[in-house]
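I have placed the structure first, in the form of structure tokens, so that the comments after it can refer back to it.
The values are calculated or read from the model by the stated rules, or taken from the named source; none is laboratory data. What you see is a predicted model, and the numbers here were worked out from it, not measured in a lab. Note that we place each Cβ from the backbone using ideal geometry, even for glycine, and neighbour counts take in every protein chain shown. Note: areas computed on protein heavy atoms with side chains; ligands, DNA, RNA excluded. Shrake-Rupley method; radii C 1.70, N 1.55, O 1.52, S 1.80 Å.
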Amino acid sequence: MLVSSEQIIDALWETIWMVSFSLVFSVIIGLPLGILLVITRKGHLLENASIFNTLNGIVNIFRSVPFIILLVAIVPVTRFIVGTSIGTSATIVPLVFYAGPYIARLIENSLLEVDKGVIEAAEAMGATPGQIIFRFLLPEALSSLVLAMTIATVGLVGASAMAGAVGGGGLGDLAITYGYQRFDTATMYITLGILIIMVQALQSTGNILSKKIRRS
Amino acid sequence: MIQFEGVTKTYGEGSNAVNALSGIDLTVETGEIFGVIGFSGAGKSSLIRCVNLLERPTKGKVFIHGKDLTSLSKREVRSTRKDIGMIFQHFNLLNSKTVFHNVAMPLLLSGFGKKEMSKRVAELLDFVGLHDKADQYPDQLSGGQKQRVGIARALATNPSVLLCDEATSALDPETTQSILDLLRKINKEYKITILIITHEMGVIREICDKVAVLENGVVLEHGSVFDVFTDPKHQTTQKFVRSIMNDHLPESILNDIRNKKNNHVYRIQFTGSSTGHPLLSKISREFDLDLNVLYGNITEIQGIPYGNLIVEFMGERNQIQKALLSIQQQSITVKDVIHHAS
């Protein structure tokens, strides 16, 4: 094995760091986007065809670019924001561009599951659009939103591993530079094992949390 | 008071336009329980949603206590909605919140303080008989209990009007009865005007003061429940009345009667005190007739007894005519069945 256990632990932390930061930023972008995609659609709270069509189009464009290409394609943007296009921080930018629209779609789906009758009841009570979103839509969708966030996080773990391609650090980088390019099978399997355990842990946590919210 | 003035609701545009409501004029007086009945697709749910502007009329106006809702700003509409409670067929409760928080929701939206809110919610849950369910979630409740939560929620802000959108249609007959009792109690104790839409004639008979029959977005007839029940003018209304009076003679009996040359089958309708008189035996003796009762029923509508008999008169023709005249002189309605209601 060509790598030390310290290197693996460092890489693990880098992955966790990348995933958590990009998750936070992606939610900051994806949540309002997802909410807007729901409330501006036809027959909903604040129906607005032009906003809906624009956002819908933008989300589709980003969703249609494979991450490995997105990573390279937005290098100028990354350089503008972080000052460099190499390293762990630089990877967060493409990860957010990748996960933000993805999360918007997931949130849109969760919110659309909320019973229309509940929204109608809210309107009949004289609730403002803001109150309907925060007191009715989001709480009612919470359990489904938690599952959606779990999917997004697992997706980010996978995407962050590709960041190795631009020297982004993390477990994926380790697996590619040592496991693949230097034929270090042991490193390859260890990183793979860690990734599997991470994903399992994330999914289980998400499931338990969602169930707890749903109380069933 | 709720007034509809030429309310028209059109969905779609151009050649796809469908009129859900066409020029509805109705007045619901303060303090009454008003029922709107119709088959599905009649426009009932559009009509009730025009009252709190969940649907905006394409044309026409809706007044609540003389105030034209269609002229109000969004903010004013929202504040007026707090004066209009609404309950739904499928209850529309928040499944993620306890009974307490569901009922507290309208208060929370109106900015009530915690203490005041707890007090009011306790009061409301007591009123609907669910004081022991405050910490349960809707999915732990039966349909009737869920509707009670819906009612408590609708009453939270002390509305002067309550809209009931098929509120008992998803409930079994026994539960329906208890919910109707509760609605009556609300009407009596809080003097709340109640507008009910339903496809169940039983609901109308049970608690409504007035009724309007809706079909294809048009009011076919309206009036006091007693008048509409005892003298339904329109065919659809007759269908509804028949759905619970069940005074339709079986086809085989009708055929037998039609085959007789001189058939004299009449429907006799008694109302009020006349239901107590032994009319038939008197007539039989006085005019020397044989009377054959084919159908008989006595019921109570809005607290007034109402009897309904279908009787075959057998005897001499002019004696029968005299007998009918005598019955009519006692202000009892007589109608020829064979030529009237077959």
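Which shape class, rounded, prolate or oblate, goes with the stretch A:66-216 when its Cα gyration tensor gives a ≥ b ≥ c as root eigenvalues, a/c under 1.5 marks rounded, and past that a/b bigger than b/c marks prolate?
Note, shape of the stretch A:66-216 comes out oblate.
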Inset, instruction - Whole number in Å², please: accessible area per residue of the stretch A:5-214, 1.4 Å probe, ligands, DNA and RNA not counted. - result: 48 Å²
Legend entry - Cβ-Cβ FRET estimate between B:Arg242 and B:Ser273, R0 fixed at 35 Å, reported to 0.05: 0.85
Legend entry - trypsin sites (Lys or Arg not before Pro) restricted to DSSP loop in the stretch A:28-113 with at most 11 other C-beta within 10 Å: A:Lys42
Inset, instruction - Report, in whole Å, the centroid distance computed from the Cα atoms of the stretch A:40-76 and the stretch B:282-334. - result: 77 Å
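Please report the net charge: other residues with Cβ closer than 13 Å to the Cβ of B:Leu195, K and R +1, D and E -1. Please report the intermediate quantities before stating the final value.
Values: positive: B:Lys44, B:Arg49, B:Lys210; negative: B:Glu29, B:Glu32, B:Asp165, B:Glu166, B:Asp209.
Its environment carries a net charge of -2.
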Inset, instruction - Work from the charge dipole of the stretch A:98-145 (Cβ charges, +1 for Lys and Arg, -1 for Asp and Glu, about the Cα centre) and give the residue of A:Tyr98, A:Gly117, A:Leu145 farthest towards its positive end. - result: A:Tyr98
Inset, instruction - Using R₀ = 22 Å, calculate the FRET efficiency as 1/(1 + (r/R₀)^6) where r is the Cβ-Cβ separation of A:Ile196 and A:Val24; round to 0.05. - result: 0.35
Legend entry - Cα-centred dipole magnitude for the protein assembly as shown, charges only on beta-carbon of K, R (+1) and D, E (-1), debye, nearest 20: 700 debye
Inset, instruction - Mind pulling the angle between the C-alpha long axis of helix B:173-190 and the longest principal axis of chain B? Nearest 10 degrees, somewhere in 0 to 90. - result: 70 degrees
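Counting other Cβ atoms within 10 Å, which GluC sites (Glu not before Pro) in the stretch B:1-93 have at most 11 and lie in a DSSP loop?
B:Glu13
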Inset, instruction - Find the Rg to Rh ratio for the stretch B:212-342, where Rh is the Kirkwood radius over alpha-carbon pairs and Rg uses the same atoms. - result: 0.99
Legend entry - Within a Gaussian network of chain A (alpha carbon springs, distance under 10 Å), most fluctuating of A:Thr91, A:Thr54, A:Thr191: A:Thr54
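By how many nm would the segment from A:Ile151 to A:Thr185 lengthen if fully extended, with 0.36 nm per residue of separation less the alpha-carbon distance?
Numbers: separation 34, 0.36 × 34 = 12.24 nm, distance 2.87 nm.
Between A:Ile151 and A:Thr185, full extension yields 9.4 nm more.
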Inset, instruction - In nm, give the distance between the simple-model label positions of A:Leu209 and B:Gln328, each being 7 Å from the Cα along the Cα-to-Cβ direction. - result: 8.1 nm
Legend entry - Under 10 Å, Cβ to Cβ, from B:Val241 - net charge with Lys/Arg +1 and Asp/Glu -1: +1
Legend entry - Distance from the stretch B:178-197 to the stretch B:25-62 (C-alpha centre basis), Å: 17 Å
Inset, instruction - Could you work out, residue by residue across B:86-98, how many beta carbons of other chains sit within 10 Å of that residue's beta carbon, and then give the average as an integer? - result: 5
Inset, instruction - Compare the peptides B:170-182, A:106-118 by average per-residue count of other Cβ atoms within 10 angstrom and give them in order, highest first. - result: A:106-118, B:170-182
Inset, instruction - Summarise the partner chain shielding of A:115-121 as one whole number: the mean count of Cβ atoms from other chains within 10 Å of each residue's Cβ. - result: 6
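Could you state how much accessible area is buried at the A-B interface, both sides summed, with a 1.4 Å probe, in Å² to the nearest 100?
Summed over both sides, the interface buries about 1800 Å².
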Legend entry - FRET efficiency for A:Ile86 and A:Leu2, using Cβ-Cβ distance with R0 set to 22 Å, rounded to 0.05: 0.50
Legend entry - Shielding by other protein chains, A:124-137, mean Cβ within 10 Å: 6
Legend entry - Between helix A:49-64 and chain A: long-axis angle, C-alpha atoms, 0 to 90°, nearest 10: 20 degrees
Inset, instruction - Counting only trypsin sites (Lys or Arg not before Pro) that are in a DSSP loop and have at most 16 other C-beta atoms within 10 Å, tell me the longest site-free stretch of chain B. - result: B:1-190
Inset, instruction - Counting only heavy atoms of the protein chains, get the accessible area per residue of the stretch B:2-243 (1.4 Å probe) and round it to a whole Å² value. - result: 42 Å²
Legend entry - Portion, in percent, of the accessible area of the protein assembly as shown that falls on carbon or sulfur, probe 1.4 Å: 55 percent
Legend entry - Accessible surface, the stretch B:246-336, averaged per residue in Å² (probe 1.4 Å): 57 Å²
Inset, instruction - Mind jotting down the distance between the C-alpha centroids of the stretch A:85-137 and the stretch B:199-232, whole Å? - result: 45 Å
Legend entry - In degrees, nearest ten, helix A:5-39 long axis to first principal axis of chain A (Cα): 20 degrees
